[in-house]
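The values are calculated or read from the model by the stated rules, or taken from the named source; none is laboratory data. Since we're looking at a predicted model, the values are computed, not measured. Neighbour counts run over all protein chains shown; Cβ positions are idealised from the backbone, glycine included. Heads up: the accessible areas ignore ligands, DNA and RNA and are worked out on the full protein's heavy atoms, side chains in. Shrake-Rupley method; radii C 1.70, N 1.55, O 1.52, S 1.80 Å.
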Amino acid sequence: MARPIQTPAGTGAASVRGRRGRAQWQTSLLYGLPVVGVSVVLLLVAAIAYYIYAANRHGATLLSNDLVNAIEERVVMQMRAYFGPPQHLLELADTAVEGRPVFDARREAERYARHGLATVPSVSALSYADPDGNYLFVLRNGRNSFDSKLVDRRNGGHRVTWTRHDENGRVVTSQDDPTDTFDARVRPWYQAAVEAKKPIWTDTYQFFTIHRPGITFSIPHYGADGKLQTVLALDIELDSLCTFLSQLKIGTSGKAYIIDRNGRIVAFPSENWGVAEGDTGKAPLLDEVGDPILTMAFNRLRVEGFGRKILDIGDRRVIVSSGPVSMLSGRDWVVLIVVPESDFIGFVASSSVAALIMSLVVVVIVIGLATFLVWRNIQAGRRVAAAATRQQALEGRTRAFVELARDVAGQDEVASLERATESTSTACAAERASIWRLTGDGRTLTCEDCYEATAKDHTYGLTLHRDELPYFFTALDKGAVIDTTDAQRDRRTAELHAAYLAPLEIGNVHISPILLNGRTAGMLCVEDPQRGDRAAGMAAFCDALSILLALRFAAGAPSATAVSPASNLDSPAQNVIKPPDAAVQRQARLERILFQHNASLDSLGKGVVANAAVGVVKLPDWTTVVQQPPDASGRPAMDTITKEMRDVVERSDVSYAALLDDEIVLAAFSSDPTQAPRNAALVAIAMLEMRDRLTGLEDKWGIDLDFRFAMDVGSVMASAIASDPPNRNLWGGAVSIAKILAATAARHTIAASETAYELLASQFLLRPRGIYFLPETGNMRTFIMLGRL
C-alpha cells in the first residue's frame, strides 16, 4: 500500500506569505522602475542645464564688461564733442577782444557769438562782462537767429536794451527794459572765474534768462598789472546731452549719468529735469532724484570709492561702473553707469530655458511611457475608489432616511420635525430647510419648522397666503416638484422669492409638495442647496421624506408650533406663552446694541425720537408709470399718483412726510409717550387711504401698479438739514424696519410690525403674517393690516 506524501506543518502558510511577498515586490517594481528612470533622466537634464547656465553666465559677464567699457568711451567721446568746440570758440573770442571793455570790443564779441551760435549746436548763449558791470549777452532765439541784451552801467547809470533779430539777421525790435536788474558780477560763472583766476567750468545751475539747467565755461582776462579786465563765458544747455544719455541703450533698463566727485549731477538721462528753485539754484545730488537704487548705489560709492562694482541692493544685483573723465578744462567728472545684472545675463536664463525645454521633451517622452505603464492600474484604482465613495454616500443617505422615518413616525412631533429639517439641511448641504402645512381651506401655508444651518437655530410660525402668492400656490397645487436655481426669474417661485426668499438672499430652492390623498397638504422646502455632484439623489431623498411627512400629516396630530392664521395671537387658549411687550423687548435689544458701541439712548439726546410711528409707501417702478393715462390731461401717471399722495398727507395730521427716491416716508411722533397709540392710528389711517386711492387709480387706468406699504413704531434718528426754517430728516430705527417690511410685503398689502400691532389691534383688523428676523429687533412677529374695525 502506497504511503501518502507528508507535507511539513506550516508549508502552506509559508507559501501564501511567499506569494504575497512576490506580489508586493512586483507591484513595487512596476511602480518603482518608471519613477527611478524618470528621476535619473531629470538629474541628467538638471546637470546639463546647470552646466549650460554657468558657461553662458561666465561669457555674459565678460561681454557685459566690454559693453560697459564701450559705453563709457562713447560717453567720453560725446562729452568731448559736446564741450570741446565751445571751449575752443571762447578761447578765440577772448583772444579777439584782448581784455578790452565791453563797449570797446562788443562788435568783435558779437561776431564771434553769431558764428558760435550758428556752428556749435551745444552753445546757447555768449556772455561778455567787465568789472564796471557793463554786459553783452547774445543768445539763440526760436527763429533760427539770435537776440542780444546790452547792459550799460557807464557813468553810474543802468540801462538794459534788448535787440531782436529775425532769421535773416535783421533787427526786428530794439527796446529798453527798465525792470531788468541783471548784474553779471554776481552770477556764478563770473564769480567762479574771478576766484579761480583761470578758465573754469561751473557746476550745473539754472540760467537766469531761459530758466533751464546748464553749465557755463568762463575765461577771466587779466592785464599786465594783474587787474581783471573782462570775463567771457559760454552757456551750454544740457538738453542735448541729456537726450543723448536717455537714448543710450544699456541692457533693458540701464542708465548713464554724468556727475562730479561730490555726487552732484552734471547731466541726467532725461529731458525733463531741473535744478532747485531760484536764480542760483544748483543741480540735485545723486541721492536727491528719488531713485532708491541710485541712492543706495551712490551711498555705497561714497563709502567704497568709485570704480567697477557689482552691488546687492535689496533682492537685485546691480552693475555700477563709475569711471573718471578729464575734461579739456581740467575739471574731473565721472561717468556713472547703473544697470541691473539681469539685463546682461537675462539671455542666459532664456537660453538655459530653451535648452531645458528641449531636454524636457525627452523627459516628457519618458514620463509618457512610464505613465502608460501604470495608467490602467491607476484608472482601475480610481474606479474602485469612486464606487466605494458612491456606496458610502448612498449608505449614509439610507441611514439618515431610516432615522428620519423613525423620528417622523414617533410621538414627539416637535423634536422629530426639528431633526427632519436638520437632517435635510445636512444631507442636501442647504442653508435652510423648512416644513410647511397647508390649512384646511387651502388658503394659508404655515411653517411647522425651519432650520437655518449658519445660525444653527429653528424658527416657526411664518405664514404664506394664497391671495399674496397666487401663482406659487397654483404651481404647488399641481403636486409637481419645483426645482429652480433662479427663483426670482422662475414664474412659479417669483412671488415666493419677493415675499420670502429675497430678504434671506436666497435664489436657489427645491420644493417637494407633501401630497395627501392626491391633494397638496404642505411642502418640504430646501433653500440654497449645493448643486452639481452633491445634488445627486437630492430629489429622491426629498420625495421620500415628503411621503413620510404626508403620513405624519395624515395622522392628524396637532402641531405644537403651528399658528393658525385665523386664531387670535393674544388668546390665552392657545397654550403659547405670550412674549413680553414687544416695545420693551425691542428697546432692551436696541440698548444692548448701543452699549456695544459705547453709547446709549440717553447719550444721543435730542437726536433720537422715541415711539415714532413710521409708514413707508413703496411706489411702483418708474418704467410702469411713464405712460400717460387716458384722463391725465397729458401728464404722466406718476404726477397723478404723487398728487393723490400729497392730498392724503395734507388731510392727515402726520408730523413728517418726505419723498425719498421711490418711497414715501410718513411719521407721527410726540414727546408725550401716551400719544403713541394716537400717532400710530394717524399713520395707519393715512396708509389705508393711500392704498385705496392707488387701488382706485389702478382700476380706473387699467394699469398694474406694483405698490406696497409697511409701518413700524419705534425709535428713529432725527438730523437737522441746513434750511430756513431748519428741516429734520428721519432715518434709522423704525424707518429702516418699515423699509425692509415694505420691500418684502406682497403687492397692495400693508405690512405691520409687532410693535405697531400692539398699538393698533383694538382699532384695526390685522392678521398674522409670520415671524421675521429684523435688524435691531431680532425675531419679530409681522402682520397684514386689512382695514379699520
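Only one of 576, 584 is modelled with pLDDT under 70, over 21 Å from residue 416 (Cβ atoms) and among the hydrophobic types (A, V, I, L, M, F, W, C); which? Can you show your working first?
Numbers: 576 fails: over 21 Å from residue 416 (Cβ atoms).
None of the other options fit; the residue is 584.
Across region 645-661, what is the total count of residues that are under 13 Å from residue 613 (Cβ atoms) and touching a residue at least 60 places away in the same chain (Cβ under 8 Å)? Let's see the steps before the verdict.
Residues of region 645-661 under 13 Å from residue 613 (Cβ atoms): 652-657.
Narrowing further to those that are touching a residue at least 60 places away in the same chain (Cβ under 8 Å): 656.
Selection size over region 645-661: 1.
If I ask for residues that are in contact with a strand residue (DSSP E or B) (Cβ under 9 Å, 6 or more places away or on another chain), hydrophobic (A, V, I, L, M, F, W, C) and assigned to a helix (DSSP H, G or I), which ones from region 688-715 would you list? Step through it out loud before you land on a result.
Filtering region 688-715 for residues in contact with a strand residue (DSSP E or B) (Cβ under 9 Å, 6 or more places away or on another chain) gives 688, 690-691, 694, 706-715.
From what is left, the residues that are hydrophobic (A, V, I, L, M, F, W, C) are 688, 690, 694, 707, 709-711, 713.
688, 690, 694 - these are the residues of region 688-715 that are in contact with a strand residue (DSSP E or B) (Cβ under 9 Å, 6 or more places away or on another chain), hydrophobic (A, V, I, L, M, F, W, C) and assigned to a helix (DSSP H, G or I).
Within region 774-784, take every residue that is of a type in the set (Val, Ile, Thr) and within 20 Å of residue 444 (Cβ to Cβ) and give me the one that is surrounded by the fewest Cβ atoms within 10 Å (Cβ to Cβ).
Narrowing region 774-784 to residues of a type in the set (Val, Ile, Thr): 777, 782, 784.
Of the ones still in play, those that are also within 20 Å of residue 444 (Cβ to Cβ) are 782, 784.
Working: 782: 25, 784: 22.
Within region 774-784, the match that is surrounded by the fewest Cβ atoms within 10 Å (Cβ to Cβ) is 784.
Restricting to region 735-789, give me the number of residues that are under 19 Å from residue 612 (Cβ atoms), within 41 Å of the chain's Cα centre (by Cα) and assigned to a strand (DSSP E or B).
The qualifying residues number 7.
Have a look at 222, 205, 190 and point out the one that is closer than 23 Å to residue 114 by Cα and either open to solvent by 40 Å² or more (accessible area, probe 1.4 Å) or out of contact with any Asp or Glu (no Cβ under 8 Å at 6 or more places or on another chain) (or both).
Values: 222 fails: closer than 23 Å to residue 114 by Cα; 205 fails: closer than 23 Å to residue 114 by Cα.
Answer to the check: 190.
Conditions tested, residue by residue: (1) in a loop (DSSP other than H, G, I, E, B); (2) of a type in the set (Val, Ile, Thr); (3) in contact with a strand residue (DSSP E or B) (Cβ under 8 Å, 6 or more places away or on another chain).
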position: 150; (1), (2), (3): no, no, yes
position: 162; (1), (2), (3): no, no, yes
position: 167; (1), (2), (3): yes, no, no
position: 175; (1), (2), (3): no, no, yes
position: 195; (1), (2), (3): no, no, no
position: 217; (1), (2), (3): no, no, yes
position: 226; (1), (2), (3): yes, no, no
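Can you tell me how many residues within region 141-163 are β-branched (Val, Ile, Thr) and either open to solvent by 10 Å² or more (accessible area, probe 1.4 Å) or in contact with a Cys (Cβ under 8 Å, 6 or more places away or on another chain) (or both)?
Pass one, region 141-163, residues β-branched (Val, Ile, Thr): 151, 160-161, 163.
Those left that are additionally either open to solvent by 10 Å² or more (accessible area, probe 1.4 Å) or in contact with a Cys (Cβ under 8 Å, 6 or more places away or on another chain) (or both): 161, 163.
Number of matching residues: 2.
Considering 685, 664, which residue is in a strand (DSSP E or B), touching a residue at least 40 places away in the same chain (Cβ under 8 Å) and under 23 Å from residue 757 (Cβ atoms)?
On the way: 685 fails: in a strand (DSSP E or B).
None of the other options fit; the residue is 664.
Taking region 462-485 as the search range and keeping residues that are in a helix (DSSP H, G or I) and open to solvent by 10 Å² or more (accessible area, probe 1.4 Å), which one is farthest from residue 539 (Cα to Cα)? So that I can check it myself, show each step before the final result.
Initially, region 462-485 is screened for residues in a helix (DSSP H, G or I), giving 470-477.
The next check asks that each one be open to solvent by 10 Å² or more (accessible area, probe 1.4 Å); those that pass are 470-471, 474-475, 477.
Working: 470: 25, 471: 22, 474: 21, 475: 17, 477: 18 Å.
The extreme case among them is 470.
Select from region 444-461 the residues that are assigned to a loop (DSSP other than H, G, I, E, B) and loosely packed, with under 15 Cβ neighbours inside 10 Å and write down the one among them that is farthest from the chain's Cα centre (by Cα). Give the steps one after another, and end with the answer.
Quick first cut of region 444-461, residues assigned to a loop (DSSP other than H, G, I, E, B) only: 453-456, 460-461.
Cutting the leftovers down to loosely packed, with under 15 Cβ neighbours inside 10 Å gives us 454-456.
Working: 454: 28, 455: 30, 456: 33 Å.
Only one residue fits best here, namely 456.
Please enumerate the residues belonging to region 106-140 that are free of Cβ contacts under 8 Å to residues at least 24 places away in the same chain and open to solvent by less than 60 Å² (accessible area, probe 1.4 Å).
Scanning region 106-140 gives a single hit, 108.
Could you grab me the full set of residues in region 733-773 that are within 19 Å of residue 663 (Cβ to Cβ), open to solvent by 40 Å² or more (accessible area, probe 1.4 Å) and not small (Gly, Ala, Ser)?
Within region 733-773, 739, 740, 747, 748 meet the criteria.
Tally time: how many residues in region 119-133 are touching a Lys or Arg at 6+ places or on another chain (Cβ under 6 Å) and assigned to a strand (DSSP E or B)?
Number of matching residues: 1.
Restricting to region 711-723, count the residues that are closer than 27 Å to residue 761 by Cβ and either open to solvent by 30 Å² or more (accessible area, probe 1.4 Å) or in contact with a Gly (Cβ under 7 Å, 6 or more places away or on another chain) (or both).
Of all residues in region 711-723, those closer than 27 Å to residue 761 by Cβ come to 711-716.
This time we only want the ones that are either open to solvent by 30 Å² or more (accessible area, probe 1.4 Å) or in contact with a Gly (Cβ under 7 Å, 6 or more places away or on another chain) (or both), so: 711, 714-716.
Total satisfying the criteria: 4.
Which is hydrophobic (A, V, I, L, M, F, W, C), surrounded by fewer than 18 Cβ atoms within 10 Å (Cβ to Cβ) and over 31 Å from the mean Cα position of the chain (by Cα), of 516, 496, 504, 524?
Residue meeting the stated conditions: 516.
Quick one: is residue 199 of a type outside the set (S, T, N, Q), over 25 Å from residue 80 (Cα atoms) and open to solvent by 10 Å² or more (accessible area, probe 1.4 Å)?
no
For the list (1) more than 43 Å from the chain's Cα centre (by Cα); (2) open to solvent by 50 Å² or more (accessible area, probe 1.4 Å); (3) small (Gly, Ala, Ser), I need the number of the one condition that residue 696 fails.
(2)
If only one of 660, 730 is open to solvent by 20 Å² or more (accessible area, probe 1.4 Å) and either of a type in the set (A, V, I, L, M) or closer than 20 Å to residue 590 by Cβ (or both), which one is it?
Values: 730 fails: open to solvent by 20 Å² or more (accessible area, probe 1.4 Å).
Result of the check over 660, 730: 660.
Looking at the structure I just gave you, is residue 81 aliphatic (A, V, I, L, M), open to solvent by less than 60 Å² (accessible area, probe 1.4 Å) and either over 30 Å from residue 309 (Cα atoms) or in a helix (DSSP H, G or I) (or both)? Steps first, please.
Details: aliphatic (A, V, I, L, M): yes; open to solvent by less than 60 Å² (accessible area, probe 1.4 Å): no; either over 30 Å from residue 309 (Cα atoms) or in a helix (DSSP H, G or I) (or both): yes.
No, not satisfied.
Identify, please: which residue in region 134-148 is assigned to a loop (DSSP other than H, G, I, E, B) and either in contact with a helix residue (DSSP H, G or I) (Cβ under 6 Å, 6 or more places away or on another chain) or among the hydroxyl-bearing types (Ser, Thr, Tyr) (or both) and is, among those, modelled with the lowest pLDDT?
Let us first name the residues in region 134-148 that are assigned to a loop (DSSP other than H, G, I, E, B), namely 134, 141-145.
Now restrict to residues that are either in contact with a helix residue (DSSP H, G or I) (Cβ under 6 Å, 6 or more places away or on another chain) or among the hydroxyl-bearing types (Ser, Thr, Tyr) (or both): 134, 145.
Details: 134: 91, 145: 80.
Only one residue fits best here, namely 145.
If only one of 275, 266, 325 is modelled with pLDDT under 70, surrounded by 14 or more Cβ atoms within 10 Å (Cβ to Cβ), within 23 Å of residue 75 (Cα to Cα) and over 42 Å from the mean Cα position of the chain (by Cα), which one is it? Working first, answer last.
Numbers: 275 fails: over 42 Å from the mean Cα position of the chain (by Cα); 266 fails: modelled with pLDDT under 70.
Just a single option satisfies the conditions, and that option is 325.
Just the residues that are modelled with pLDDT under 75 and open to solvent by less than 50 Å² (accessible area, probe 1.4 Å), please, taken from region 225-240. Write out each step before concluding.
Step one: list which residues in region 225-240 are modelled with pLDDT under 75, which gives 238-240.
Of everything in region 225-240, just one residue is modelled with pLDDT under 75 and open to solvent by less than 50 Å² (accessible area, probe 1.4 Å), namely 238.
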